[in-house]
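Below is one structure, written out as structure tokens; comments come after it.
The values are calculated or read from the model by the stated rules, or taken from the named source; none is laboratory data. Keep in mind that what you see is a predicted model, and the values were worked out from it rather than measured. Note that each Cβ is placed from the backbone with ideal geometry, even for glycine, and that neighbours are counted across all protein chains shown. For accessibility, only protein heavy atoms count, side chains too; no ligands or nucleic acids. Shrake-Rupley method; radii C 1.70, N 1.55, O 1.52, S 1.80 Å.
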Amino acid sequence: MKFGTKVIHAGIEPDPTSGAVMTPIYQTSTYVQAEPGVHKGYEYARTQNPTRSALEANLAALENGKTAICYASGLAAMDAILKLLESGDEVISVNDLYGGSYRLMTTVYKQFGIKSKFVDLSDAKVLEKHISKKTKLIWVETPTNPMLNIVDIKAVCAIAKAHGIMVCVDNTFASPYLQTPIDLGADLVLHSATKYLGGHSDVVHGCVISNDEELGQRLRFIQNAAGGVPGPQDCFLVLRGIKTLHLRVERACKNAKKVAKFLVAHPKVGRVNYPGFKDHPGHKIAKAQMRDFGAMVSFDLKKDSYSDAKKVLSNTNFFLLAESLGGVESLIGHPASMTHASIPKKERLKVGLTDSLIRLSVGVEDVDDLIQDLEQALANL
Ligand SMILES: *Cc1c(COP(=O)(O)O)cnc(C)c1O
């Protein structure tokens, strides 16, 4: 089955009781049993729910994995993965990763004796230097947030495999339409389904896809034991969002390419970070491991001033000033004061995260309107 068919059909059967084409929202907490222990496969809704099961089957197919497990948010999904570890274990992670993932590792799991190291993995070979006997998990995000650096998934997985270390790729920024890390050797793939999978900025949701039945079963046990499950309506919204994933991401990528080209040519704009440019240091790898270059673009201003950035951020009409990404609507954000405010300025500047850096999540609107919107906001400078 090709991707555009999978998003609509994989794992999804018309409802057996009514023939409903769309998977119903099974809003129930429990299921009747004919006699003790005799039931239709469903006992209690923390453990199983048919709306969630349909979504999980669909997600496993999209990521070419064996098992998919859904959670109440992307961070709840990450929390479940970290629960696979034990006190004394170490995690090696990319250094410019999602702020909430950084927080979970460095606060909550630190107190349980799990150590995290943050490393620039844009050259995968440096990984060897950081691996120790205690390393149990490698955490990759690509493209990274907000600098849009690219990590070579295949190279990282090859090194990890040689040491028997598990690799998880947070595939939120790319979506399975653009990139399927399991095909490149990853053991686990995580999504904040709040972003591209849901796609309509109307739900918070997360999932983990595993390439290994046993690993999937351990995660399934943790899902039931710890209980961070999503409600059936949230699963329905993600299922519905996924049906147009390929159309939305395809259009958003096209728009992002045009927006990035416009920005590069603008006299007030400094550096534009977009992996689709030939001179982007990760361009070749992105081209090899992604089907297109994504719809996230970040840029700073020639005059690196927060107040100038603020003028741009407050003057767009279609680009809404908000956290998050991956919805049909375009969003604009300021990492230094929003998503990455907790990182000291010196650390931020080291990775190029300047005061004037602006992050765009390019949506699926008409691109002419989007470019005109940025043009008039930049004209205020
Ligand atoms: C948003 C996001 C998360 C966290 O997901 P939630 O659904 O907000 O919990 C994790 N990783 C990345 C890359 C994200 O963008």
Worksheet entry | Using θ = phi - 60° and Karplus 6.51 cos²θ - 1.76 cosθ + 1.60, couplings along the range 218-234 (whole Hz; Gly, Pro as x) | 5, 5, 4, 4, 5, 4, 6, 6, 8, x, x, 8, x, x, x, 5, 5
Worksheet item: What figure in square angstrom, to the nearest 10, would you give for the accessible area of residue 1 with a 1.4 Å probe?
Response: 140 Å²
Discussion item. From the protein chains alone at 1.4 Å, what is the descending order of accessible area for 172, 339, 30, largest first?
Written reply: 30, 339, 172
Worksheet item: What is the calculated FRET efficiency for residue 107 to residue 346, with r their C-beta to C-beta distance and R₀ = 22 Å, to the nearest 0.05?
Response: 0.60
Worksheet entry | Principal axis dimensions, the range 152-209 - Cα atoms, whole angstrom, descending | 41, 18, 12
Worksheet item: In sequence order, what are the phi-derived ³J(HN,Hα) couplings for the range 55-60 according to the Karplus relation 6.51 cos²θ - 1.76 cosθ + 1.60 with θ = phi - 60°, rounded to whole Hz, with x for glycine and proline?
Response: 5, 5, 5, 5, 5, 4
Discussion item. Keeping all protein chains in place and using 1.4 angstrom, which order do 246, 205, 39 fall into by accessible surface area, from largest down?
Written reply: 39, 246, 205
Discussion item. Under 8 Å for C-alpha pairs, at least 6 residues apart: give me the relative contact order for the range 134-240, rounded to a whole percent.
Written reply: 20 percent
Worksheet entry | Charged-residue dipole, Cβ positions (Lys, Arg, Asp, Glu), the chain about Cα centre, Debye nearest 20 | 920 debye
Worksheet item: Could you give me the ³J(HN,Hα) list for the range 306-315, computed from phi with Karplus coefficients 6.51, -1.76, 1.60 and θ = phi - 60°, whole Hz, x at Gly and Pro?
Response: 5, 5, 5, 4, 4, 4, 5, 4, 8, 10
Fill in: the chain: relative contact order in percent, alpha carbon pairs under 8 Å with at least 6 residues between
16 percent
Worksheet item: Under a 5 Å amide H to amide H cut-off, with H placed in plane at 1.01 Å, what residues pair with residue 358 once short-range neighbours are removed?
Response: 299, 300
Worksheet, complete the sentence: Rounded to the nearest whole number, the Stokes-Einstein translational diffusion coefficient of the range 105-144 at 20 °C and 1.002 mPa s (Kirkwood radius, C-alpha pairs) in µm²/s is 186 µm²/s
Worksheet item: How would 141, 86 rank on accessible area, largest to smallest, probe 1.4 Å?
Response: 86, 141
Practice prompt. Over the Cα atoms of the range 246-378, compute the convex hull volume and normalise it per residue, giving Å³.
Written response: 106 Å³
Response to the item:
proj_area_mean for the chain (convex hull on C-alpha atoms), units nm², value 19.4 nm²
Worksheet item: What residue among 239, 360, 215 shows peak mean-square fluctuation when the chain is described by a Gaussian network model with Cα springs under 10 Å?
Response: 215
Worksheet item: How big is the Cα convex hull of the range 36-153 in projection, averaged over all directions, in nm²?
Response: 9.7 nm²
Worksheet, complete the sentence: Carbon/sulfur accessible area of the range 246-378, % of total, 1.4 Å probe, equals 54 percent
Response to the item:
Expressed per residue, the solvent accessible area of the range 246-378 in Å² (1.4 Å probe) is about 47 Å²
